[in-house]
1. When only residues in the stretch 145-176 that are assigned to a strand (DSSP E or B) and touching a Ser or Thr at 6+ places or on another chain (Cβ under 7 Å) count, which is nearest to residue 103 (Cα to Cα)?
2. Quick one: residue 39 ticks every box in (1) under 14 Å from the mean Cα position of the chain (by Cα); (2) buried (at least 19 other Cβ atoms within 10 Å of the Cβ); (3) among the small types (Gly, Ala, Ser) bar one, so which box is it?
3. Could you say which residue among 28, 14 is of a type in the set (D, E, K, R), in contact (Cβ under 8 Å) with a residue 60 or more places away in the chain and assigned to a helix (DSSP H, G or I)?
4. Residue 95: crowded, with 21+ Cβ neighbours inside 10 Å, at pLDDT 95 or above and farther than 23 Å from residue 27 by Cβ, yes or no?
5. Taking residue 136, is it exposed (fewer than 10 other Cβ atoms within 10 Å of the Cβ), within 29 Å of residue 77 (Cβ to Cβ) and of a type in the set (S, T, N, Q)?
6. With surrounded by fewer than 18 Cβ atoms within 10 Å (Cβ to Cβ) and either out of contact with any Phe, Trp or Tyr (no Cβ under 7 Å at 6 or more places or on another chain) or among the small types (Gly, Ala, Ser) (or both) as the only criterion, which of 120, 80, 84 stands out?
7. For residue 112, only one of the following conditions fails: (1) surrounded by 18 or more Cβ atoms within 10 Å (Cβ to Cβ); (2) within 14 Å of the ligand (Cβ to nearest atom). What is its number?
8. Which residue, of 142, 107, is within 13 Å of the ligand (Cβ to nearest atom) and in contact with a helix residue (DSSP H, G or I) (Cβ under 7 Å, 6 or more places away or on another chain)?
Amino acid sequence: METLEAIFARRSVRAYTEEPIPDEILRRVLEAGRATASGGNVQPWGFVLVQAPVRLAALRSLAPGIIGEPTAVICICLDVQRAVELGGAGGEQVAWLSIGLATQNVLLAAHDLGLGACPVASFHHAGISIFLNLPTGVQPILLITLGYPAIKPTPPGRRPLSDICFTETWGNGESL
Ligand SMILES: Cc1cc2nc3c(=O)[nH]c(=O)nc-3n(C[C@H](O)[C@H](O)[C@H](O)COP(=O)(O)O)c2cc1C
């Protein structure tokens, strides 16, 4: 799949079939997260994969933002301790940006591999930290739900380019 095609066609998918995701596909998605650019190449992330059905059910109870029944979930974590130790002053702030990029890589890889995925920020952070046995200094940032899509979502739309893109100075409407 072309990169631009993936960028434009990806959607948040919240309805999944029961078809299990093969390990090699999940591994590819995780490799896409691993390949992400990061400030100073600090790689301030960790990815926790949850697949066991009983654990997925428990995880859903800690995450009201999860809609539907994904067959796998990846928790994207920020290793604050690593970010600060290796990233110096401002390391944590830069690390947040890197986490955002890793999230997009995971979402695009999932789409490319035929999976549906949805980023979920609405979850009980303390509960998820305990559930995933996260060490001190590691925070859960996003849950990425995964599964084979049961429906093709309608694109929710975007603000027009003329509202968000300017030429030379902010607010100058003369665009391309
Ligand atoms: C940081 C972030 C947090 C989100 N949290 C949730 C969530 O808790 N539950 C949910 O169903 N969707 C969540 N979404 C998905 C957005 O609703 C979705 O990306 C947006 O409506 C645009 O739709 P699209 O992804 O299909 O382009 C989140 C997306 C982002 C980027």
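1. Per the stated criteria, the residue is 146.
2. For residue 39, the exception is condition (1).
3. One residue alone meets the criteria, 28.
4. For residue 95, the condition - crowded, with 21+ Cβ neighbours inside 10 Å, at pLDDT 95 or above and farther than 23 Å from residue 27 by Cβ - is met.
5. yes
6. Result of the check over 120, 80, 84: 84.
7. (2)
8. Going through 142, 107 in turn, the sole match is 142.
The values are calculated or read from the model by the stated rules, or taken from the named source; none is laboratory data. Being a predicted model, the structure only gives us computed values, none of them experimental. Counting neighbours? That spans all protein chains shown, and the Cβs are built from the backbone with ideal geometry, glycine included.
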